[in-house]
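A.B. asks: Before anything else, here's the structure in question.
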Amino acid sequence: MQAHFLASRNPFRPKNLEVTETVEASKALNHAPGPMVVIAGSGMLTEGEDPPLKHGLADPKNALVFVGYQPRGGLGAAIIARPPAVRILGEEVPLRASVHTLGGFSGHAGQDELLDWLQGQPRVILVHGEEEKLLELGKLLALRGQEVGLARLGEGVEV
């Protein structure tokens, strides 16, 4: 890796890599010639958006690689489940592209790391994550004698 950087070559930016930083640039992938590999991070395939590769999902020469968490009930999770087709903006889209998931790229701490970090805090308000996971973490905190609250959308929390 060091040799690449010393030679002014960034191995994380190969010449054929196109980074899309706007929704418009991402949508433009729907009309780009293929085949292609789309790398999808957390939240990239959120409900209501016209995701990249939508028109390429039916092409087995294309690939979709997930490197971030895809929440249950979202389009990313549906694609990972590999049904014959997925519904995107009310349209059934055949799913023939290959689908891959790579773990280990989360920007979030794991449960053990969170428990260590919160050690000694008398009160903890959990605000982000799937409810069942928050409740599980809350039980572990409560077992340690910590007061735990769960924030809910639209409700105030006194700090």
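No value in this document is a laboratory result; all are computed from the given coordinates. Small disclaimer: the values here were computed from a predicted structure and weren't measured. Backbone-built Cβ (ideal geometry, glycine too); neighbour counts: all protein chains shown.
A.B. asks: What is the extension gain from Q119 to E91, computed as 0.36 nm multiplied by their sequence separation minus the C-alpha to C-alpha distance, in nm to one decimal?
C.D. replies: Once the chain is fully extended between Q119 and E91, it gains 5.3 nm.
A.B. asks: Mean-square fluctuation check for the chain, GNM, Cα pairs under 10 Å: which of N30, N62, N16 is largest?
C.D. replies: Among N30, N62, N16, the largest mean-square fluctuation in the Gaussian network model of the chain belongs to N16.
A.B. asks: Below 8 Å, C-alpha to C-alpha, sequence gap of six or more: please give me the relative contact order for the chain in percent.
C.D. replies: Details: 192 pairs, mean separation 24.6, N = 159.
With pairs under 8 Å counted, the relative contact order is 15 percent.
A.B. asks: Moving on. In the Gaussian network model of the chain, springs joining C-alpha atoms below 10 Å, which of A142, A85, A40 carries the largest mean-square fluctuation?
C.D. replies: A142
A.B. asks: Sequence neighbours fewer than 8 away in the same chain don't count; with that in mind, list the lysines whose C-alpha is under 18 Å from K27.
C.D. replies: K54
A.B. asks: Continuing with the same structure: Which residue fluctuates the most in the chain, going by a Gaussian network model with Cα springs under 10 Å, if the choices are I125, I80, I88?
C.D. replies: In the Gaussian network model the winner is I125.
A.B. asks: Compute the long axis of helix 131-143 from its Cα atoms, compare it with the longest principal axis of the Cα atoms of the chain, and write down the angle in degrees, 0 to 90, nearest 10.
C.D. replies: That works out to roughly 30 degrees.
A.B. asks: Taking each pair of different alpha-carbon atoms in the chain once, compute 1/r for the pair, average those values, and report the inverse of that mean as the Kirkwood hydrodynamic radius in Å to one decimal.
C.D. replies: Result for the chain stands at 18.7 Å.
A.B. asks: Then there is this: Where Lys and Arg each count +1 and Asp and Glu each count -1, what net charge lies around A58 among other residues with Cβ under 11 Å from its Cβ?
C.D. replies: +1
A.B. asks: Where Lys and Arg each count +1 and Asp and Glu each count -1, what net charge lies around S98 among other residues with Cβ under 12 Å from its Cβ?
C.D. replies: Once positives and negatives cancel, what remains is +2.
A.B. asks: Tell me the relative contact order for region 109-159 as a rounded percent, counting alpha carbon contacts under 8 Å between residues six or more apart. Provide the component values of the computation, followed by the final result.
C.D. replies: Working: 38 pairs, mean separation 19.5, N = 51.
Relative contact order of region 109-159: 38 percent.
A.B. asks: Sticking with this one: Suppose R0 equals 22 Å. What FRET efficiency, 1/(1 + (r/R0)^6) with r the Cβ-Cβ distance, do R9 and L102 give to the nearest 0.05?
C.D. replies: Calculated transfer efficiency: 0.45.
A.B. asks: Moving on. Using the beta-carbon distance between E24 and V65 and R0 = 25 Å, what value does 1/(1 + (r/R0)^6) give for FRET efficiency, to the nearest 0.05? Before the final figure, lay out the partial values.
C.D. replies: Details: r = 22 Å, r/R0 = 0.87.
Calculated transfer efficiency: 0.70.
A.B. asks: Just going by the charge dipole of the chain, with Lys and Arg at +1 and Asp and Glu at -1 on Cβ, which of P11, G104, T22 is farthest out on the positive end?
C.D. replies: So the residue furthest toward the plus end is P11.
A.B. asks: If you average the C-alpha positions of region 137-154 and of region 73-123 separately, how far apart do those two centres end up, in angstrom?
C.D. replies: Region 137-154 and region 73-123 have Cα centres separated by 23 Å.
A.B. asks: Still on this model: For the chain, give the magnitude of the charge dipole about the Cα centre (Cβ charges: +1 Lys/Arg, -1 Asp/Glu; no others), in debye to the nearest 20.
C.D. replies: 620 debye
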